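The values are calculated or read from the model by the stated rules, or taken from the named source; none is laboratory data. Worth saying up front: this structure is predicted, and the values here are computed from it rather than measured. Cβ sites come from the backbone with ideal geometry, for glycine too, and all protein chains shown count toward neighbours. In case anyone asks, the SASA skips ligands and DNA or RNA and just uses the protein heavy atoms, side chains included. Shrake-Rupley method; radii C 1.70, N 1.55, O 1.52, S 1.80 Å.
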Amino acid sequence: MQVRKKPKLAVWKFASCDGCQLSLLDLEDELLEVADALDIAYFPEASRKTVKGPYDLSLVEGSITTPRDAQRIRDVRRQSKFLVTIGACATAGGIQALRNFRGVKDFIAQVYAHPGYIDALATSTPVADHVQVDFELQGCPINKYQLLEVITAFLAGRRPGIASDSVCMECKRAGNVCVLVAHGAPCLGPVTHAGCGALCPSYYRGCYGCYGPKETPNAASLSGRLKVLGMESRDIQRVYRTFNTYARAFRKESKRHGP
Ligand code: SF4
Ligand code: SF4
């Protein structure tokens, strides 16, 4: 009997905190089935055993922050048939992209006792700025069930069914009272990608945008509303300068409110 070869999965880390990779291990109830369907060939976070590429599916966590990263991501792309970026660092440059608005040398001088040893690029950028990406899964960290959907879709040879609407839509589905309208709380829900199940508004606080921009967000309009709530330009800029600060829509809007 011919044994069917399982597709090979690789999980890569660049500049990141490992939280998105852990989402895969967090799939406690489903992990055995994932391991049954895929050959987990390269996943240093989980196993010392590695199998050489090429790989059928690569999950890439983290942003590109060093010359070595920039070279390594090209190697990863060459070895991968299907490449998916996971999380805010890989899809938007992460919180470390705050340096993109200032001089990286100033940051290095403040953090490291011997800055001469640090070889960093001037910017922290998403993987898609360097190589072709087949699918981007947003979130900080990503939702493990959305990750499972991406893997399942890959195995079935179809596009992942990940909605690109806003956190507001998830609020409506959860039956939440709007914290922006009812309580005047600053909330980025109208411009933020769905995926968390409206976690923060469900606990009566505004969304701070950890899933990054939704498809075609109207951030300028939301900023107008934040102004009406009494926020100064500087504060509005800060709400966009967090985990997804370098995502195009948030970057553009934050720049409208200061350098
Ligand atoms: S609370 Fe925030 S996310 Fe929820 S509906 Fe209101 S603005 Fe949208
Ligand atoms: S900050 Fe926004 S996107 Fe992130 S968990 Fe809270 S509601 Fe969800």
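Scanning region 187-204 for residues that are open to solvent by 60 Å² or more (accessible area, probe 1.4 Å) and more than 8 Å from ligand 2 (Cβ to nearest atom) yields Tyr203, Tyr204. For region 143-172, a residue qualifies if it is more than 15 Å from the chain's Cα centre (by Cα), within 13 Å of ligand 2 (Cβ to nearest atom) and modelled with pLDDT of 95 or more, and the qualifying residues are Ser166, Val167, Cys168, Met169, Glu170, Cys171.
Within 21 Å of the chain's Cα centre (by Cα) and open to solvent by 20 Å² or more (accessible area, probe 1.4 Å): does that describe Tyr117? For Tyr117, the condition - within 21 Å of the chain's Cα centre (by Cα) and open to solvent by 20 Å² or more (accessible area, probe 1.4 Å) - is not met. Among the conditions (1) within 6 Å of ligand 2 (Cβ to nearest atom); (2) in contact (Cβ under 8 Å) with a residue 24 or more places away in the chain, the only one that Gly184 does not satisfy is (1).
Among the residues making up region 24-58, those that are modelled with pLDDT of 95 or more, outside any loop (DSSP other than H, G, I, E, B) and within 19 Å of the chain's Cα centre (by Cα) are Leu57, Ser58. For Leu222, the criteria (1) over 15 Å from Asp165 (Cα atoms); (2) crowded, with 22+ Cβ neighbours inside 10 Å; (3) within 10 Å of ligand 2 (Cβ to nearest atom) hold in every case but one, which is (3).
In region 26-39, the qualifying residues are those that are without any contact (Cβ under 8 Å) to a residue 40 or more places away in the chain and open to solvent by less than 60 Å² (accessible area, probe 1.4 Å), and the one that is nearest to Ile95 (Cα to Cα) is Leu31. In region 133-142, of all residues being of a type outside the set (Val, Ile, Thr) and away from ligand 2 (no atom under 12 Å from the Cβ), the one that is nearest to Leu83 (Cα to Cα) corresponds to Asp134.
To keep it simple, each residue is scored yes or no on (1) under 23 Å from Thr123 (Cα atoms); (2) more than 19 Å from the chain's Cα centre (by Cα).
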residue: Cys210; (1), (2): yes, no
residue: Leu222; (1), (2): no, yes
residue: Asp235; (1), (2): no, yes
residue: Tyr240; (1), (2): yes, no
residue: Ala247; (1), (2): yes, no
residue: Glu253; (1), (2): yes, no
residue: His257; (1), (2): yes, yes
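For Phe154, state whether it is aromatic (Phe, Trp, Tyr), surrounded by 15 or more Cβ atoms within 10 Å (Cβ to Cβ) and over 26 Å from Asp26 (Cα atoms).
Answer is no for this residue.
Taking the criterion of being under 17 Å from Cys140 (Cα atoms) and open to solvent by less than 50 Å² (accessible area, probe 1.4 Å), the residues of region 205-219 that qualify are Gly206, Cys207, Gly209, Cys210, Tyr211, Gly212, Pro213, Lys214.
Given region 66-114, what helices (runs of 4 or more DSSP H) lie entirely inside it while holding 1 or more residues that are modelled with pLDDT of 95 or more and open to solvent by 40 Å² or more (accessible area, probe 1.4 Å)?
Ranges flagged: 67-79.
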